[in-house]
Every structure is written in structure tokens, then in C-alpha cells.
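The block underneath contains the structure these notes are about, expressed in C-alpha cells.
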Amino acid sequence: MSLISLTSEITTNLILIIQLLIITYVARFYYKYFTRQSPLPGPFPLPLVGNLFQIGLNPAKYSMDHHDEFGDMFEVWVGSTRFVIISHPSLMEKVYAPNANNIFFARMDLQYLEKIGLQHGLIFNNNYSTWKRNRKFVVHSLMSPRFLRQFTKLSQSFFNENERFWNEKEIHIDFARWIRNFTTDMTLQTITRRPSCCPNSSLFGEEHVDPIKSKEIQKSVKFVNAVQIFIKGLIFELFIPNVLKNYFPGFYNMNKKFSKNLDWINETITDIVKKRRTEIENDDEVGSDLIDVLLTLNTPRDPNGYDEGEAPLSDPEVCATLMEVSIAGIETTANTFCYLIWFLAHHPKVIARFQEEIKEILGDDTKLQITYEDLDKFTYLDAIIKESQRIIPIVPLTQRRNAKDGDLDGKNFERDTTFLINHERIQKTPDIWKDPDEFIPERFLKGSDHKIAKNSFIPFGGGIRICPGKNMALVELKTLLILLYRKYDIELVDKVSKKPNIKYFGTNNCADMKVIIRHRNRNNV
């Protein structure tokens, strides 16, 4: 047999093998699809990609756009993975059940996160015993009055520092960029004990005239960008099949980019933790910053005492917690603040009532320091924040996974089915909210006649996995809103658009928001 004939025969056999493999894969894919438990409405999937060509990387928009077509519970497929989307409060009873026996406790296992130890924290930790222990420590840290009082002071200190550059009659800035840098600065100060001067880049650019400040700003801006890339990487990991990520050039390159970015965040925070632990071990003064609280929890340096029978947090656990606070705290708080500004700019009567509340509680002295205890008195401000969170949820989709076969709404789902909870649809359910497109803070006021149905308002998630940083976020939001609106008027440059410029990157991200900030006492100067 000639070499040419042999080569031709090998090529023919290889083609046949590939064809057989493709046929086998397609047959297995559709066997799994047609024999699945509790079939639901939804788009018909294709092998390899599932419904990726339909939902893209914005499953939140797809679930909203197709709710009327498929209903309150429907399914989509990504590769060979089934996702069940639920969109009504009544379906939340079991998923967000606040007890340890909840079979929907777990989230998806993502290799993207495991290699840097994020499974040791809270958000992505599926081991109930270690999660419970870590949550106890984190809640003790983030919800302690000692920490929240310090965080209230820190918020004012950072705002006052930035306010020094607002002494002109008016200032034009991209508020989305400024507030994202501000929340980064707050977070970095909290986890590193050192300010980053990040908001200055919004005013002066990344190349600051002071070479030291310039270096600090560049590092901070890199951290801001790294957090945004990390969140995009989460969506990429969750909704792109492994075969595409690992073998197709474009997807493979993106996967490498996300992995490299994650390594940089991990190395940065790990170095911070190791350095600070060494300083504390050398008898440096322990502060009330989050990193100090976590490193001294349940140790002899813990001001609240410690239990010798329980180990303190390890470095990987501290790193995972700080990383989660960084990732979750920066984007969610910044975007929430942008939408608050947008809604307030369109509702001057709400601003007027809010400013009356400021005067009632703090008086006319605009330099008076706000205390943590003052924030609890702002009931109307609390209602404003809740109404904004209801209309534009920052995290429109959250995901859970059932640990064993279980029933939901009369349908049985096999173990490890992934459920996507559509917060945006749930918080706008017509039979619960009247005029859902209106900005009406009064419905959240204490003593209001408006009834908030169970599971219909879930801005911080629900059940036992509700966000432990809720109080920290609210302190920052309330403090900054009070500081802004007791002295300034804020005008949107774009007065025409009916909604903010929102881009979905795992969160409802405010892409830009140009504003004019005017000092109220200088308007006629």
C-alpha cells in the first residue's frame, strides 16, 4: 500500500471517528434533554451551546423579555447545563427558606474561584459548617456598632476630602466614575487601612502632578478595573460552556485574561493580609478597620474576648472575606448610588421632603458631624433607598443549586439543578405593586398602608445567605446622600432619557452619568 493510500485511509477513518463522536454527543445531549425531570417551557436548545446564541451574556434581560412568553418558571440551557429561571415571590418560599435544612443552600461550584480559595469565604462557600462559622465572624465584624460608627466617620472624612475640590460655583463630573472611585477608596481604606486617593482621578486624571499620588492613583484605578473584570469573568465562567473556554481561540484568550486578573487581585490582597498580620504580631495598635477586626477575631488581641476552644480565622479565610467585601461592596454600592441620584433628579418633591428630614434631624449646620445613631432616624431616606432598589435591583439574577432531589411548586428537580432567581421581575410583580414604574418612597414608610408581600423585596438576597454587608452598604449610602443633599443641588446633563445608561456585567452597571453639582449657598454668587 502506497503512502498516499495509507494517508487517505487514515484521514477517512479519522473523519468517520469524528462524525461518530459528534453523532454520539448530539444523541446523548438530546437524550438528556428529552428525559429530564419536570420539563418546563423555554427555548429549544442546540448541542454544544444550548441557548447561548439566544441569551448571550445577559440572562437577566432575556428572562425579563421572555417572561410573558414562558411564565414564572422556565428553563434555558448553557451547553449541557440546565438553568431554571423563577420569577415570582410565591416560588421563593423554599429557595430562600431561612433554615439550615434548606436544600437550595448551595451555589454553583466554579473552578474559576476555587484556585484562589474563594470557596473559603461566604458568597461561594458551599460547605455549610465552615460557611456558618465564617458568617458568624463576618457578621460580628460588619454589623458591630463599633465598626459601623467608624465607617460612618470614614465616609464623612473621605467626602470632606473630595469636597475641597468642589469650591467652585459648579462642577461637571461623570458621577458614575466618581462614585465608583469613591467606593473603591472607602473599601481599600477599610481593608488596607491606607487611603488610595482614587476619586482624585475623576477630577485630575490618572497622571497626578504629585508623583507619589500619581502612583497611588494608578494602583487604585487598576484595582477598580480589576474588580469590574472579575465580575465579567464570573458571568463568562457561568454561561460559557467549558469546551468553548478551553478549546476555541477567542473564548480561550478571554478565559486566560479573566484568570490572570483574578490572580492579580488574589496576590494583592494576600500581600496586604500577610503584611498586616506581621504588624499586629509585632504589637502594632489594633484599629477598628475590617482587616484588623478579622485578623484579631477570637484571639487575645480581640477587644471582645475570645473562646480558646474555637480557632480564629486563617489567612485564606481572611483573604477570601476581604476579597468578597471588595468585589461585592464597590460595584453594588456605587451603582445603587447612581440610580438614587438619577431618580431623585427626576423627582424634586422627593428631594424637598428628604431635605426637610435632614433639617429636622441635623438642623441648619451643614458642618455638623453625622453619627451612626443619627442614620437610624432617617426613615424617609430609608424609604427612598428601598424604592430605588426595588425599581432597579443591582443584582437582577442570583443563583442557587439544590443539594438533592427536591420539589418546587409541585415539580420535582434532580440534584444539582441550577436555579436563577429573577429579582427584577419579582420586585415588579403587578399583583403586588401598584404603578410599578413610579418612584414612590412612601410605600416603604413605617406605618404606611402599602403592604410589602413576602419575598417581593429582596435587594440583599434572602434566607440564611442574605448579604452580611447590608448594614455597611446602607451606612455608606445614607451618609453620602445626606452630605450631598444638605449642601448641593445635582442636575443631570441628560434630562431626556427615560432610564439610566445601564450595562449588564453580572450587576446592573451604570455606564455613565454626567451631572452638574452646584453649591446651594453659592448659586447667586
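The values are calculated or read from the model by the stated rules, or taken from the named source; none is laboratory data. The model shown is predicted, which means the values in this text are computed figures rather than measured ones. In this analysis, Cβ positions are derived from the backbone assuming ideal geometry, glycine residues included, and neighbour counts consider all displayed protein chains.
The table for this structure:
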{"item": "Residue match in the range 155-163 (condition: part of a helix (DSSP H, G or I) and within 22 Å of residue 274 (Cα to Cα))", "result": "no"}
{"item": "Single residue of the range 476-525 satisfying the filter (aliphatic (A, V, I, L, M), in contact with a Lys or Arg (Cβ under 9 Å, 6 or more places away or on another chain) and more than 13 Å from residue 172 (Cβ to Cβ)) that is modelled with the highest pLDDT", "result": "511"}
{"item": "Candidate set: the range 123-151, residues that are within 20 Å of residue 302 (Cβ to Cβ) and part of a loop (DSSP other than H, G, I, E, B); chosen: the one farthest from the chain's Cα centre (by Cα)", "result": "144"}
{"item": "Tally of residues being of a type in the set (Val, Ile, Thr), touching a residue at least 60 places away in the same chain (Cβ under 8 Å) and under 16 Å from residue 64 (Cβ atoms) across the range 379-438", "result": "7"}
{"item": "When residues of the range 30-56 are limited to those that are among the aliphatic types (A, V, I, L, M) and closer than 27 Å to residue 455 by Cβ, the one surrounded by the most Cβ atoms within 10 Å (Cβ to Cβ)", "result": "55"}
{"item": "Neighbours by Cβ (under 6 Å, 6+ apart or cross-chain): first from the range 272-283, among the aliphatic types (A, V, I, L, M); second modelled with pLDDT under 90", "result": "272/192; 273/315; 273/318; 273/319; 280/295"}
{"item": "Residues that are within 26 Å of residue 128 (Cβ to Cβ) and either of a type outside the set (A, V, I, L, M, F, W, C) or modelled with pLDDT under 70 (or both), drawn from the range 451-466", "result": "454, 455, 459, 461, 462, 463, 465"}
{"item": "Scan of the range 79-114 for residues that are crowded, with 20+ Cβ neighbours inside 10 Å and of a type in the set (Val, Ile, Thr), ordered by number", "result": "84, 85, 86, 95"}
{"item": "Flag for residue 94 being free of Cβ contacts under 8 Å to residues at least 40 places away in the same chain and charged (D, E, K, R)", "result": "no"}
{"item": "Subset of the range 422-450 [at pLDDT 80 or above, of a type outside the set (A, V, I, L, M, F, W, C) and surrounded by 13 or more Cβ atoms within 10 Å (Cβ to Cβ)]", "result": "422, 423, 424, 425, 427, 428, 441, 442, 443"}
{"item": "Out of 38, 80, sole residue that is closer than 22 Å to residue 422 by Cα, among the hydroxyl-bearing types (Ser, Thr, Tyr) and modelled with pLDDT of 90 or more", "result": "38"}
{"item": "Cross-chain or 6+ apart pairs with Cβ under 8 Å, the range 239-250 first and in contact (Cβ under 8 Å) with a residue 40 or more places away in the chain, then among the β-branched types (Val, Ile, Thr) and surrounded by 14 or more Cβ atoms within 10 Å (Cβ to Cβ)", "result": "239/55; 239/78; 240/78; 241/49; 241/78; 241/81; 244/49"}
{"item": "Spans of strands (runs of 3 or more DSSP E) in the range 471-519 with at least 2 residues over 24 Å from residue 383 (Cβ atoms) and under 19 Å from the mean Cα position of the chain (by Cα)", "result": "501-504, 508-512"}
{"item": "Of all residues making up the range 115-139, the number that are closer than 16 Å to residue 399 by Cα, surrounded by 15 or more Cβ atoms within 10 Å (Cβ to Cβ) and at pLDDT 80 or above", "result": "4"}
{"item": "Every residue from the range 340-386 that is closer than 30 Å to residue 505 by Cα and either in contact with a His (Cβ under 7 Å, 6 or more places away or on another chain) or surrounded by fewer than 14 Cβ atoms within 10 Å (Cβ to Cβ) (or both)", "result": "346"}
{"item": "Complete set of residues in the range 147-180 that are in contact with a Ser or Thr (Cβ under 9 Å, 6 or more places away or on another chain) and of a type in the set (A, V, I, L, M)", "result": "154, 173, 179"}
{"item": "Residue count for the range 24-83, restricted to those that are among the basic types (Lys, Arg) and assigned to a helix (DSSP H, G or I)", "result": "3"}
{"item": "Answer from 288, 326 - the residue that is among the small types (Gly, Ala, Ser), within 30 Å of residue 263 (Cβ to Cβ) and either buried (at least 18 other Cβ atoms within 10 Å of the Cβ) or touching a Phe, Trp or Tyr at 6+ places or on another chain (Cβ under 8 Å) (or both)", "result": "326"}
{"item": "Residue check for residue 337: under 24 Å from the mean Cα position of the chain (by Cα), among the hydrophobic types (A, V, I, L, M, F, W, C) and surrounded by fewer than 21 Cβ atoms within 10 Å (Cβ to Cβ)", "result": "no"}
{"item": "Residue 465 of a type outside the set (Phe, Trp, Tyr), in contact (Cβ under 8 Å) with a residue 12 or more places away in the chain and touching an Asp or Glu at 6+ places or on another chain (Cβ under 7 Å)", "result": "no"}
